[in-house]
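The values are calculated or read from the model by the stated rules, or taken from the named source; none is laboratory data. As the structure is a prediction and not an experimental result, all values here were calculated from the model. Methodologically, a virtual Cβ is constructed for each residue, glycine included, from the backbone with ideal geometry; neighbour enumeration extends over all protein chains shown. Heads up: the accessible areas ignore ligands, DNA and RNA and are worked out on the full protein's heavy atoms, side chains in. Shrake-Rupley method; radii C 1.70, N 1.55, O 1.52, S 1.80 Å.
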Amino acid sequence: MDGDKIKAWEALCIEEQPPACAAACPLRVDARAMAEKMAAGDFVAAMAVYARAVPFPAILAHICEHPCEAVCRRAEAGGAVRIGALERALVEEAYPSIRRAAQRARKPKTIAVVGAGLAGLTAAFDLVMKGHAVTVFEADAQPLDRLHRDYLPAVLPPSAIAADVGALMKLGVDIRCRQRIDPPSLDALIAGHDAVLMAVGPGPAAAFSGTLLLNAAGRIDVDRQTRATSHPKVFAGGLHDGTEEAWSAIGSAADGRRAAGSIDRFLQGASLTASRGDERAGTCLYVNVESHTAVPPVEAADPAAGYGHAEATAEAARCFPCHCLECVRACPYLAHYNTYPKRAVREIYNNDSIVMGNRKSNRMIDSCTLCGLCTELCPNDLAMGEVCLEARQSMVERGHMPASHHDFALRDMAFSRSDEVAFARHQPGHERSAVLFFPGCQLAASAPGQVAAVYRHLTERIGGGVGFMLDCCAAPAHWSGRTALHGEAVHRIRTVWEEFGRPRLVTACSTCLKLFGEFLPDVPTSSLWTELERIGLPDGAKRPAPKGPLAIHDPCTARHAVDVQAAVRSIATSLGAEVRELGGAEKTTCCGYGGLVSFAHPEVGNAFADRRITESDDDYLAYCAMCRDNFARRGKRALHLMDLIFPDADDPAARPDPGFSGRRDNRLRLRRRLLRELWGESMSDPVPPVTLVIADAVRADIERKLLLVDDIAEVIAEAERTGRKLKDRTTGRLTASGRIGTVTTWVEYEAGAAGFVVHRIYGHRMQVEAKP
Amino acid sequence: MSTPFGDPDASDLVCARCDRPLEMLKVEASYLGQTFPVELPACPTCGFVYVSEEIAAGRMLKVEQALEDK
Ligand code: SF4
Ligand code: SF4
Ligand code: SF4
Ligand SMILES: [Zn+2]
């Protein structure tokens with residue numbers, strides 16, 4: 001796979017973007033994670049999240065201006081989450097749980113910080129946490145003097161200041177008050193320390209013009225991004241302090257953090273500018289706010305005291321939390337793997353790149369239905385199906401994808417394309433075809449009688465000859481990533497089409513229609529349903545109107561076939577059906593067959609089917625045979641549009657899934673019947689090698705294990721002919737096996753009056769042989 | 001090398017052709033070009049090897065999948 005393409009795909013998924021609150025927080029507090037933990041009642045874990053980002057939790061919980069709330073997406077659904085009040089409740093309850101330990105630096109450095117305001121002390125905190133020795137020089141009598149002066153004790157209790165300053169000193173920061181730094185003492189600090197931070201207000205700055213360059217406003221000239229001054233060892237805070245931004249508590253702390261980040265880089269000899277991360281502003285995380293009902297903020301019973309535990313928990317639960325995951329919510333495949341596309345794309349790429357060793361994601365790559373729903377839902381139209389299909393093609397080409405995932409489906413396709421099934425003829429009595437009817441292998445496998453009936457109808461209404469072509473569009477080859485096999489099959493269809501004089505193709509299958517459009521773009525192809533809408537339905541037939549409303553299921557391959565969707569609805573309505581929508585065609589979901597998921601990962605395939613069939617209690621109306629049969633297999637009453645046009649059962653919605661063995665029989669039978677009845681060819685019916693008696697439960701087991709009744713008959717016939725079988729002395733039952741394709745099939749059976757009774761079947765791929 | 005496939009109870013099974021009870025024999029298993037010895041019940045006369053469903057769907061399947069993802 002192409003690494004650049006992978007990066008482009010990854011970039012489309014914005015799930016890893018920060019939530020708005022964290023993006024707006026100057027200290028990048030992850031309020032989403034904090035609120036999630038609080039909502040779960042775990043205030044200690046929430047405190048750890050808060051204290052990881054905030055140097056002085058007690059102080060800032062009281063006075064942070066919380067710019068996060070101004071951008072909180074909950075504001076659009078009831079009111080912003082009161083993040084500031086949550087933080088305060090957190091500090092009330094869990095402040096003592098904060099655990100902090102400074103790192104041990106390999107080469108500790110000494111740093112002087114001039115000014116014990118919020119900026120200076122935040123820098124001191126960050127640098128001492130990195131393992132450096134920090135001394136703070138403050139001209140006033142106490143650190144954070146401004147906070148004592150500017151905030152009423154009711155807003156910021158002095159005890160909160162004392163607690164945070166005490167914690168800072170316990171970490172080893174040496175705070176020296178009444179130490180005014182003048183220009184000569186600055187030079188001494190520079191000489192005696194590895195770095196110096198000037199975190200001083202506007203007043204004193206002018207005095208240092210001898211050592212540091214000043215700007216036009218008379219302040220120390222600092223670089224916006226790095227807070228570097230004209231002296232390499234000296235950094236300074238203060239941009240927000242009058243020159244560029246209004247003063248704020250949280251802004252001061254962020255100012256100190258930015259300077260400390262530069263000092264640490266400087267001390268390590270690293271670049272001051274490379275990938276800083278603190279430049280980030282804003283977010284493009286998509287949040288589907290409309291999907292949330294409005295909930296107003298929790299009001300504290302005692303506003304002065306703030307939230308109690310229960311109130312804070314309830315308010316925290318108002319955080320959505322912000323995620324995109326639009327695709328994941330709708331897709332049982334992504335949900336099964338508990339992942340989202342950005343991560344999945346990387347995992348798929350890594351799996352594809354492994355040369356030697358375990359490829360853990362093979363089945364994951366083969367479990368996407370390629371249904372395209374994610375693309376519809378994603379704000380950036382990321383197509384996971386394309387990613388998975390490309391990965392399959394890449395891995396198949398290099399022989400890295402286990403053949404076992406798809407060999408049953410490919411064997412079924414080979415059967416549909418074999419001389420036993422596939423054929424093409426001009427309409428009887430015609431030597432050319434204006435139209436070539438291509439029912440598709442699945443409708444032929446599910447409802448052969450209806451294929452014959454609709455073909456008769458087409459020949460009656462369309463002039464110029466309607467040829468018939470029974471074949472497979474080779475979707476299984478395409479979906480499984482077998483590019484060469486698919487190309488060969490498409491080539492054969494093209495050859496027949498040319499031999500038939502380039503007629504218009506009419507297909508009953510949405511998958512054929514889609515794939516022909518993609519791979520035979522010059523072959524004019526239309527859907528049977530738009531065709532029937534045009535030429536009209538067969539008249540005269542008595543058709544009972546369907547009982548009750550029908551919920552329409554569009555196949556995922558018809559997601560964008562707007563004309564087909566409309567034709568199907570109009571046909572069904574004209575036949576008396578009350579058609580109800582299941583969320584609309586554009587957002588239709590896969591029935592669980594797409595992309596061959598039901599072979600590679602039956603559990604995921606069933607999850608798709610089961611999710612779909614629980615969307616409505618109405619009978620379903622499908623117009624893909626595979627969708628209908630899949631729903632039937634999972635116990636949902638479902639009709640095919642053909643059942644409305646050519647009703648051939650009292651209750652067609654109860655028709656069972658024919659199963660894989662039944663599908664093969666139906667295809668064989670359709671070919672023989674048509675060739676005999678329409679083209680007058682003599683066809684001998686095949687004689688089964690043995691007669692089998694199979695109970696329903698055993699038949700379902702055969703289906704589940706992807707084995708075929710024909711193969712079982714072969715195994716028994718061979719065992720009876722050669723005597724190669726085992727006998728159970730107690731039960732008298734016989735056991736035989738045979739290698740068919742890549743699978744050894746085992747059958748436990750016994751001879752009965754009506755034929756051989758099959759008791760148990762199973763298979764394995766490994767071969768075992770006694771050594772001679 | 002000991003068997004990776006355990007000991008199924010095949011004591012009731014006899015080879016119908018040779019009329020002999022099966023015995024645990026060293027046989028050769030192969031998949032995707034890898035070959036390794038295992039012990040499985042087999043007919044001591046004609047070498048018919050028996051794989052029970054428990055083994056086919058259990059340990060044998062695990063080995064198959066491990067080899068497939070290599
Ligand atoms: S809803 Fe939650 S995650 Fe989203 S912006 Fe608000 S606090 Fe942050
Ligand atoms: S293509 Fe369908 S199955 Fe695959 S990830 Fe997208 S929604 Fe899920
Ligand atoms: S819809 Fe899915 S792929 Fe698109 S951005 Fe959201 S999480 Fe990522
Ligand atoms: Zn024998």
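Could you go through segment A:391-399 in sequence order and give the Karplus-derived ³J(HN,Hα) for each residue, using 6.51 cos²θ - 1.76 cosθ + 1.60 with θ = phi - 60°, rounded to whole Hz, and x for Gly and Pro?
5, 4, 4, 5, 6, 5, 4, 9, x
Place a +1 charge on the Cβ of each Lys and Arg in the protein assembly as shown and a -1 charge on the Cβ of each Asp and Glu, then give the dipole magnitude about the Cα centre in debye, rounded to the nearest 20.
Here the size comes out at about 1200 debye.
Quick check: with the 1.4 Å probe, what order do A:Asp419, A:Asp407, A:Asp302 take by accessible area, largest first? Before the final figure, lay out each step's value.
On the way: A:Asp419 130, A:Asp407 35, A:Asp302 80 Å².
These residues rank, largest area first, as A:Asp419, A:Asp302, A:Asp407.
Can you give the Kirkwood hydrodynamic radius for segment A:498-607, in Å, rounded to one decimal and based on Cα pairs?
15.9
Just the Kirkwood number for segment A:386-438, please: inverse of mean 1/r across all distinct Cα pairs, in Å, one decimal.
Hydrodynamic radius (Kirkwood, Cα only) of segment A:386-438 equals 14.4 Å.
Could you state the accessible area per residue of segment A:416-535 in Å², with a 1.4 Å probe and every protein chain left in place?
35
Averaging over all projection directions, find the projected area of the Cα convex hull of segment A:416-535 and quote it in nm² with one decimal place.
7.0
For chain A, build the convex hull from the C-alpha positions and give me its volume per residue in Å³.
Working: hull volume 186.0 nm³, N = 772.
Given the Cα convex hull of chain A, per-residue volume reads 241 Å³.
So what's the angle, to the nearest 10 degrees on a 0 to 90 scale, between helix B:59-68 and the longest Cα principal axis of chain B?
The two axes meet at around 40 degrees.
Any chance you could list the semi-axes, whole Å, largest first, of the equivalent ellipsoid that the Cα gyration tensor gives for segment A:316-376, using √(5λ)? Provide the component values of the computation, followed by the final result.
On the way: eigenvalues 140, 42, 17 Å².
Ellipsoid half-lengths, sorted descending, are 26, 14, 9 Å.
What does the helix-only formula give at 222 nm for chain A: each DSSP H stretch with n ≥ 4 adding -39500 (n - 2.57), the total divided by the residues, and the result rounded to the nearest 500 deg cm²/dmol?
Calculated mean residue ellipticity at 222 nm is -12500 deg cm²/dmol.
Please compute the average number of Cβ atoms from other chains found within 10 Å of each residue's Cβ in peptide B:34-47.
Average neighbour count from other chains, rounded to a whole number: 2.
Using θ = phi - 60° and the Karplus form 6.51 cos²θ - 1.76 cosθ + 1.60, what ³J(HN,Hα) does each residue of segment A:9-15 get, whole Hz, x for Gly and Pro?
Listing the rounded values in order: 5, 4, 5, 5, 7, 9, 4 Hz.
What Kirkwood hydrodynamic radius do you get for segment A:110-268 when you take the inverse of the mean 1/r over all pairs of distinct Cα atoms, in Å?
Hydrodynamic radius (Kirkwood, Cα only) of segment A:110-268 equals 15.5 Å.
Sort all Cα-Cα distances of segment A:717-772 into consecutive 5 angstrom bins from zero, then give the percent of pairs in each bin up to the one containing the longest distance.
Result, from short to long distances: 4, 17, 25, 26, 17, 7, 3, 1 percent.
Hey, what's the Cα Rg ratio for segment A:550-657 versus the globular rule of thumb, 2.2 N^0.38 Å? Let's see the in-between values first.
Values: Rg = 13.0 Å, N = 108, 2.2 N^0.38 = 13.0 Å.
For segment A:550-657, the normalised Cα radius of gyration is 1.00.
Once Rh for segment A:325-430 is found with the Kirkwood sum over Cα pairs, what is the Stokes-Einstein diffusion coefficient at 10 °C and 1.306 mPa s, in µm²/s?
100
What percent antiparallel are the DSSP beta bridges of the protein assembly as shown, to the nearest 5? It would help to have the intermediate numbers written out before the result.
Details: 42 of 80 bridges.
The antiparallel proportion sits near 50 percent.
Calculate what fraction, in whole %, of the accessible area of the protein assembly as shown sits on carbon and sulfur atoms when a 1.4 Å probe is rolled over the protein chains.
Accessible surface attributable to carbon and sulfur in the protein assembly as shown totals 52 percent.
Semi-axes of segment B:3-68's equivalent ellipsoid from the Cα gyration tensor, sqrt of 5 times each eigenvalue, largest first, rounded to whole Å?
23, 13, 9
For segment A:527-566 and segment A:693-768, write down the distance between their C-alpha centroids in whole Å.
42
Between segment A:23-68 and segment A:606-661, how far is it from one alpha carbon centroid to the other, in angstrom?
Result: 52 Å between the Cα centres.
Give the peptides A:27-38, A:348-359 in descending order of average Cβ contacts within 10 Å, highest first.
Most protected by this proxy first, the peptides run A:27-38, A:348-359.
If you take the Cα Rg of segment A:362-412 and divide it by 2.2 N^0.38 Å, with N the number of residues, what do you get?
Working: Rg = 12.5 Å, N = 51, 2.2 N^0.38 = 9.8 Å.
After normalising by residue count via 2.2 N^0.38 Å, the value is 1.28.
Starting from the amide H of A:Cys591, placed 1.01 Å from N in the peptide plane, find each other amide H under 5 Å away whose residue is 5 or more places distant or on another chain.
Excluding prolines and chain starts, which carry no amide H, the hits are A:Cys556.
Can you list the equivalent-ellipsoid semi-axes of segment A:55-137, largest first and in whole Å, using the square root of 5 times each Cα gyration tensor eigenvalue?
32, 15, 12
Taking the alpha-carbon centroid of each part, what is the distance from segment A:265-327 to segment A:360-412 in angstrom?
Between the Cα centre of segment A:265-327 and that of segment A:360-412, the gap is 36 Å.
Relative to the isolated chain, which residues of segment A:740-772 have their accessible area cut by 40 Å² or more in the presence of all protein chains (1.4 Å probe, heavy atoms, no ligands or nucleic acids)?
A:Trp746, A:Arg760, A:Tyr762, A:His764, A:Arg765, A:Met766, A:Gln767, A:Val768, A:Glu769, A:Ala770, A:Lys771
Charges on Cβ only, +1 for Lys and Arg, -1 for Asp and Glu, centred on the Cα centroid of segment A:550-657; of A:Val597, A:Ala567, A:Leu621, which one is farthest towards the dipole's positive end?
A:Val597
Could you list, by residue number, the cysteines of chain A that have no other cysteine's beta carbon within less than 4.7 Å of their beta carbon?
Lacking a cysteine Cβ partner under 4.7 Å: A:Cys13, A:Cys25, A:Cys64, A:Cys72, A:Cys177, A:Cys284, A:Cys319, A:Cys322, A:Cys324, A:Cys331, A:Cys378.
Once you have the Cα-Cα distance between A:Ala246 and A:His560, take 0.36 nm times their residue separation minus that, and quote the gain in nm to one decimal.
Length difference between fully extended and current span is 107.7 nm.
Can you list the residues, at least 5 places off or on another chain, whose amide H is less than 5 Å from the amide H of A:His759, using H built in the peptide plane?
HN-HN under 5 Å from A:His759: A:Glu748, A:Tyr749, A:Glu750.
To the nearest 100 Å², how much accessible surface do chains A and B cover up together, summed over both, with a 1.4 Å probe?
Accessible area lost upon association: around 3000 Å².
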